[in-house]
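A quick write-up on the structure given underneath.
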Amino acid sequence: MPDIDKILKDAEQRIIHLAETTFTTYKSQAIADGKAFLDAAKGDLQKYTQQLADGDITLDQFRDLMQDEGDLAKMDALKEAGLAHAAFDNFVNGIIGIMITAALSAIP
């Protein structure tokens, strides 16, 4: 069984790094929004990771399901700060990639 706490901790550390290396002006907003997005996606991340580990879904299905999580990304602080839509989308896609990588690393 994949360790969801390890997955979340790993993903959070990577999200903080992504925010710090992507933004200078909006770094604190990006970290806050990234953590909120991870928290909102936590339940689905756990469910999909378990389904992948059990062989109930394929890797491609897992990736597709995780890409759908982008709809949960409110990123309120970044929107309020006036971040350009393209930068917002790139950040969300980066976070989704991080969640996928963290989940895959937890599956033996």
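Observations
- Residues satisfying the stated conditions in segment 98-108, i.e. open to solvent by 30 Å² or more (accessible area, probe 1.4 Å) and modelled with pLDDT of 90 or more: THR101, LEU104, SER105, ILE107
- Single unsatisfied condition, THR25 versus (1) out of contact with any helix residue (DSSP H, G or I) (no Cβ under 8 Å at 6 or more places or on another chain); (2) part of a helix (DSSP H, G or I); (3) not aromatic (Phe, Trp, Tyr): (2)
- Qualifying positions in segment 68-88 - within 15 Å of the chain's Cα centre (by Cα), surrounded by fewer than 14 Cβ atoms within 10 Å (Cβ to Cβ) and either part of a helix (DSSP H, G or I) or modelled with pLDDT of 90 or more (or both): ASP68, ASP71
- Scanning segment 7-49 for residues that are under 13 Å from ALA102 (Cα atoms) and open to solvent by 40 Å² or more (accessible area, probe 1.4 Å) returns LYS9, GLU12, GLN13, ARG14, LYS42, GLN46.
- Pairs where the first residue, in segment 24-48, is in contact (Cβ under 8 Å) with a residue 60 or more places away in the chain and the second is in a helix (DSSP H, G or I) and surrounded by fewer than 16 Cβ atoms within 10 Å (Cβ to Cβ), C-beta under 7 Å, 6+ apart: ALA30/THR22
- No other residue among ILE16, ILE31 is in contact with a Lys or Arg (Cβ under 9 Å, 6 or more places away or on another chain) and not basic (Lys, Arg) apart from ILE16.
The values are calculated or read from the model by the stated rules, or taken from the named source; none is laboratory data. Since this is a predicted model, take the numbers as computed values, not measurements. Quick reminder, even Gly has a Cβ in these numbers, built from the backbone with ideal geometry, and neighbours come from all protein chains shown. Just so you know, the surface numbers come from the protein's heavy atoms only, side chains and all, with ligands and any DNA or RNA stripped out. Shrake-Rupley method; radii C 1.70, N 1.55, O 1.52, S 1.80 Å.
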